[in-house]
Amino acid sequence: MSKRIVVNPLTRISGFMEVDVKVENGQVVDAQTKGNMFRGFEQMLMGRSPFDAVYFTQRICGICSAAHSMASSLALEDALNIEPMEQGRYLRDIIHCCEFLQNHIRHFYQYTLPDFVKIEQNPLFQADHTDFRVPAAATAQLSRHYFESLTISRRCHEMLAILGGKAPHNHGVFVGGVTTKATAEVVAGLSSILTEVTAFIEEKMVPDVYEIARYYPEYYRLGGGYGNLMTYGAFDRYRELGTLYVDPLVWTRDGKEPFDERKITENIDRAWYRGAKNTYEPDEEMPEPDRKKASAYSFVKAPRYDGLPMEVGPLARLILSGDYTNGVSAMDRTIARAIEALKIAGIMKTLLGELIPDTDVQAEYTLPETTAQGRGLTDTTRGGLGHWLKLKDRKLSFYQIITPSTWDFSPADDRGFRGVGEEALMGTPVQNPDEPVEIGRILRSFDPCMSCATHVSVSGKPVKTIRVF
Amino acid sequence: MRGNQGILPPEPMTNDAVAERLVRAARRSKDMGRFQKQNLVYLELNGCSGNIISLLNGRNPDFAYMVNDMVNLRYSNSLMAAEGAQATEKLFEAMNEPFILAVEGAVSLRDEGMYNVIGMHNGSPLTGLEAARMLGEKADTILAVGACATHGGVSAARPNPSESVGLQSVLPDRELIKLPGCPVNPRWFLGTLAHIVLYGKPDTDSLGRPLMFYSTLIHDRCPRRPFFDRGIFAEKLGDPTCLFKLGCRGPVTRTDCPTKEWNSGVNWPIGANTPCIGCAQFGFPDAMEPFISYDTTRVVEDE
């Protein structure tokens, strides 16, 4: 008995995603995740002033905009041969920490919690399934924390704005680090808010995540997927501090090894794009959208590392850094996000302690007369983010962006590998096909952000399953 | 009882005075039993969903007060518990009663709207274009929230690959309240919503912007104006003086950023020693570029 289940829209994510699964004998036997929107930032950036990329690319995403300012600043520094002062790196990374905290708190309370807990009576929280297992007293407490968390995540954006001017879409992150200075008032202000945020994560968020896990233990066994993990590195390789979190690493069946950016390719076999090549390296091809391409089903392209799909995000980082060893599953991902929030709060505290007040890290930057190219790769809230750019005649002549959600929610590729999210759904038992609550719970554990995305169901060629872990 | 509640600019009060005044008025009205919670449908279209994130940053009133006391939030892709067909069903059900429609993101016209599919209805894709038209025709009041909704914004930046347009283009006969900004400041959205719920539509300018937030040029109230008047200009980002020569769009942008700032009033772009990029002005981003110039008064040969 075979049944097709389509979830569209998959709510409580950033952007628009459709999920299309085939269920046989109560288990998922095929899955497609489809990005359902397209704006074309790479095309838009052509011909613009290179410096404008830092503010422009933030508009890719409302919840993780600082991430794009990080990657574009790094790419410009690479292209212009600018080595930021260490103080500039610290300040910029502090802004990035604020975004991690804001994002992780909102993702758990606003996006994840309603999957497991029936929050108080309000039309916004009317759910369509009945699989709510948390007892009444704990439900009441988690509902209170849903609203309390709003104050805390708002405070995270206040910290971001103290150094960045505003959030979302900050102005402070720029070539050379940031545009603001650490003063005693700034350091004390940030430290004061950070103390409040840290206490919330420690006393409420982490226990709340484990509370959910207690009542939904089967999610430790669901949503695993390939188990290939990758990070571009996060809060790493400071000149004096060394690595505070994790170095660039990958984990495959061959074990743990250093990440090598030359092994990144992107494939558009099943994506709504057309280009000279079906598989290309990030700095060599910028395909054009074609929504009418019959063999495709998503606006998300398929990046691969050494030909393999890789999972990125908090769980990948924590396993690669050695901080977490429990396993790879939907529940482990959700737990990892909370544990990582606490870790990031600690890193931010360390960086705040390293600031030298009133250091001006800005200079007047000049653009090369001829051509240049650069790339900026960094791990952000959802995983590895890369910007690749080229300059010609002091304008942008090429821009390529590969986001973390492109890694986690790619379509299948021409070698038959499903995307990471698709693979994570395989074998999932669906108790009630009319209320397929399992699908959303598993996909949300990745924190999808469909900033460049998709649609239309095509009955595809049979996909060969290759276990690589 | 509407319009001038003594809150037209120039605002005489402290940072949160206007917002607090609206909250107090809302509480009072509700206590007196003449405050009817209205339905709100919050539609996200082709954009970054940054306006709803900004809305979560609201304070006095905050998001919790909004959903618990001001409105019934009937639909929000980012926040609602329901998903899939049931979520879309709630969108259609909401149209059976009076509702306020808030739209963020642009409307993509390319391939009949297929570059922005927001859900599935009766087995067919529901495009942002269809949803905007369908809900826009029925809504009592319509708010275009953020630059993409008010005029296309970054989603419609050249060469506009998704053929995106602002909401007014697909609802030519409807009056829209326009809240430009990238993103919208939560005070602009929540203050406007409070006004609608309490006193009806706020006074707007000829372009549909509420006067209480968008009437005065940033340049006219900029704390760095004295540097401009004395000709002391920043030469790079990070300088504490007037950012005019770095490309500041404060002289053409009308918002209350200089007095109310962002994120609970902790800072704003000029406070971060960077130019205003005119994100709340029509024409953003293309008409506001380049965002950063090292001396706009320098002679450029080939431009």
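The values are calculated or read from the model by the stated rules, or taken from the named source; none is laboratory data. Remember, predicted model here, so these are calculated numbers, not experimental data. A quick note on method: Cβ atoms are made from the backbone with ideal geometry, for glycine too, and the neighbour counts reach across all protein chains shown.
Kindly evaluate B:Leu198 against the criterion of being in contact with a helix residue (DSSP H, G or I) (Cβ under 7 Å, 6 or more places away or on another chain), crowded, with 23+ Cβ neighbours inside 10 Å, in a helix (DSSP H, G or I) and not assigned by TED's automatic domain parsing to the domain that holds B:Lys260.
It is false that B:Leu198 is in contact with a helix residue (DSSP H, G or I) (Cβ under 7 Å, 6 or more places away or on another chain), crowded, with 23+ Cβ neighbours inside 10 Å, in a helix (DSSP H, G or I) and not assigned by TED's automatic domain parsing to the domain that holds B:Lys260.
Looking across A:Ile63, A:Ile82, A:Ile94, one residue alone is in a helix (DSSP H, G or I) and within 14 Å of chain B (Cβ to nearest Cβ). It is A:Ile94.
Checked against (1) surrounded by fewer than 22 Cβ atoms within 10 Å (Cβ to Cβ); (2) farther than 21 Å from A:Ile402 by Cα, A:Gln43 passes all but condition (2). What is the one condition in (1) within 9 Å of another protein chain (Cβ to nearest Cβ); (2) within 17 Å of the chain's Cα centre (by Cα); (3) part of a strand (DSSP E or B) that A:Thr33 does not satisfy? The failed condition is (1). For region B:224-237, the set of residues classified as in contact with a helix residue (DSSP H, G or I) (Cβ under 9 Å, 6 or more places away or on another chain) and free of Cβ contacts under 8 Å to residues at least 40 places away in the same chain consists of B:Arg225, B:Phe227, B:Phe228, B:Ile232, B:Phe233, B:Ala234, listed by residue number.
Here's the yes/no breakdown for (1) assigned to a loop (DSSP other than H, G, I, E, B); (2) hydrophobic (A, V, I, L, M, F, W, C):
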site	(1), (2)
A:Gly224	yes, no
A:Gly227	yes, no
A:Arg262	no, no
A:Lys277	yes, no
A:Met286	yes, yes
A:Lys293	yes, no
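Residues are listed down the side, and each one gets a yes or a no for (1) more than 14 Å from every other protein chain (Cβ to nearest Cβ); (2) modelled with pLDDT under 95:
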position: A:Leu377; (1), (2): yes, no
position: A:Gly383; (1), (2): yes, no
position: A:Trp388; (1), (2): yes, no
position: A:Leu396; (1), (2): no, no
position: A:Tyr399; (1), (2): no, no
position: A:Ala424; (1), (2): yes, no
position: A:Lys461; (1), (2): yes, yes
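Of the residues screened, A:His169 is one that is at positive phi and either in a loop (DSSP other than H, G, I, E, B) or under 21 Å from the mean Cα position of the chain (by Cα) (or both).
The single condition among (1) buried (at least 24 other Cβ atoms within 10 Å of the Cβ); (2) touching a residue at least 40 places away in the same chain (Cβ under 8 Å); (3) at the interface with chain A (Cβ under 10 Å from one of its Cβ atoms) that B:Gly191 does not meet is (3).
If you check A:Leu150 against the conditions, is it within 9 Å of chain B (Cβ to nearest Cβ), touching a strand residue (DSSP E or B) at 6+ places or on another chain (Cβ under 8 Å) and either part of a helix (DSSP H, G or I) or at pLDDT below 95 (or both)?
When the stated conditions are applied, A:Leu150 does not pass them.
Please note which strands (runs of 3 or more DSSP E) are completely contained in region B:48-147 and include at least 2 residues that are touching a residue at least 60 places away in the same chain (Cβ under 8 Å) and among the β-branched types (Val, Ile, Thr).
B:99-104, B:141-145
The residues listed here are A:Glu281, A:Glu261, A:Glu266; of these, the one that is touching an Asp or Glu at 6+ places or on another chain (Cβ under 9 Å), touching a residue at least 40 places away in the same chain (Cβ under 8 Å) and among the acidic types (Asp, Glu) is A:Glu266. Can you name the number of the only condition in (1) assigned to a helix (DSSP H, G or I); (2) of a type outside the set (S, T, N, Q); (3) within 18 Å of the chain's Cα centre (by Cα) that A:Pro303 fails? A:Pro303 satisfies every listed condition except (1). Per the listing A:Leu101, A:Leu142, the residue uniquely away from every other protein chain (no Cβ under 11 Å), at pLDDT 95 or above, surrounded by fewer than 22 Cβ atoms within 10 Å (Cβ to Cβ) and in contact with a helix residue (DSSP H, G or I) (Cβ under 9 Å, 6 or more places away or on another chain) is A:Leu142. For residues in region A:254-290 being within 25 Å of A:Tyr232 (Cα to Cα) and within 14 Å of chain B (Cβ to nearest Cβ), which is modelled with the highest pLDDT? Across region A:254-290, the extreme among qualifying residues is A:Ala271. Residue check: A:Ala137 meets all listed conditions (1) surrounded by fewer than 24 Cβ atoms within 10 Å (Cβ to Cβ); (2) facing chain B (nearest Cβ under 8 Å) but one, namely (2). Before we move on, is A:Phe16 within 10 Å of another protein chain (Cβ to nearest Cβ), under 22 Å from A:Pro448 (Cβ atoms), within 19 Å of the chain's Cα centre (by Cα) and surrounded by fewer than 24 Cβ atoms within 10 Å (Cβ to Cβ)? It is false that A:Phe16 is within 10 Å of another protein chain (Cβ to nearest Cβ), under 22 Å from A:Pro448 (Cβ atoms), within 19 Å of the chain's Cα centre (by Cα) and surrounded by fewer than 24 Cβ atoms within 10 Å (Cβ to Cβ).
Taken as a whole, the structure leaves B:Arg34 outside the set of residues that are part of a helix (DSSP H, G or I), among the basic types (Lys, Arg) and at pLDDT below 90.
Among the residues that make up region A:109-121, is at least one of them more than 14 Å from chain B (Cβ to nearest Cβ) and among the aromatic types (Phe, Trp, Tyr)? No, region A:109-121 has no match at all. Among the residues of this structure, B:Gly153 does not count as one that is touching a Gly at 6+ places or on another chain (Cβ under 6 Å), more than 7 Å from every other protein chain (Cβ to nearest Cβ), in contact (Cβ under 8 Å) with a residue 40 or more places away in the chain and not β-branched (Val, Ile, Thr).
The C-beta contact set for region A:231-251 (first residue under 19 Å from A:Ile402 (Cα atoms), second residue outside any strand (DSSP E or B) and aliphatic (A, V, I, L, M), distance under 6 angstrom, 6+ apart or interchain) comprises A:Thr231/A:Ala316; A:Thr231/A:Leu320; A:Leu249/A:Leu320. Take the residues in region A:46-60 that are among the small types (Gly, Ala, Ser) and surrounded by fewer than 24 Cβ atoms within 10 Å (Cβ to Cβ); name whichever of them is farthest from the other protein chains (Cβ to nearest Cβ). Looking at residues that are among the small types (Gly, Ala, Ser) and surrounded by fewer than 24 Cβ atoms within 10 Å (Cβ to Cβ), I get A:Gly47.
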